[in-house]
Amino acid sequence: MTTVPAARAAPRDTTLPVPTARGLAFFALAAFGVLHWMALLDPPTPNRALYALGAGIVAVGGMLAAARLPFRAGQLAAVVVLVVVLALALLGGGVADELAAARPRGRALVGHRPRYRGASRVCSCRTAVSTSGRAR
């Protein structure tokens, strides 16, 4: 009587697939960056940060899905993803809010600067020129 040895279970790969790992790392870094950047604006606008993160998620997911399609369909899908992500990025950047705020007062957006509560409140053009290394 012969017995067949029990089949060994193949070791499972417990790591994440590369696209998933890259997407998670991108999302974590982008979330950290945009939330801290939006906290520097006066008044703080964390909703814009969520729009930016949404644009990033749509970009990663859309491009991964487009890569699985045949060549021509994938190219078309990538262009569609690009247009959607551009719209979300403009929304997240506050372009619609700035345009709506500029219309009633009649002021142009040329030269418009959002209020910024950054590290250096007193930064002048002289400081930028003097640190550029160009002697006058």
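Could you go through segment 35-43 in sequence order and give the Karplus-derived ³J(HN,Hα) for each residue, using 6.51 cos²θ - 1.76 cosθ + 1.60 with θ = phi - 60°, rounded to whole Hz, and x for Gly and Pro?
5, 6, 5, 5, 6, 7, 6, 10, x
Work out the FRET efficiency for residue 31 and residue 72 from their Cβ-Cβ distance, taking R0 = 30 Å, and round it to the nearest 0.05.
Efficiency computed from Cβ-Cβ geometry: 0.30.
From the backbone phi of segment 71-77, what are the Karplus-calculated ³J(HN,Hα) couplings (6.51 cos²θ - 1.76 cosθ + 1.60, θ = phi - 60°) in whole Hz, Gly and Pro given as x?
Karplus-based 3J(HN,Hα) across segment 71-77 equals 3, 4, 5, x, 5, 5, 5 Hz.
Quick one: what are the phi-derived ³J(HN,Hα) couplings along segment 47-55, Karplus 6.51/-1.76/1.60 with θ = phi - 60°, whole Hz, x for glycine and proline?
5, 5, 5, 5, 5, 5, 5, x, 4
I want the local charge near residue 78. Using Cβ-Cβ distances under 14 Å, sum +1 for each Lys or Arg and -1 for each Asp or Glu among the other residues.
Surrounding charge for residue 78 is +2.
How long are the semi-axes of the ellipsoid equivalent to segment 1-83, from square roots of 5 times the Cα gyration tensor eigenvalues, in whole Å, largest first?
Equivalent ellipsoid of segment 1-83: 42, 23, 7 Å, largest first.
FYI, it's all coordinate maths here, none of it is from the lab. The model shown is predicted, which means the values in this text are computed figures rather than measured ones. Cβ: placed from backbone, ideal geometry, glycine included. Neighbour counts: every protein chain shown.
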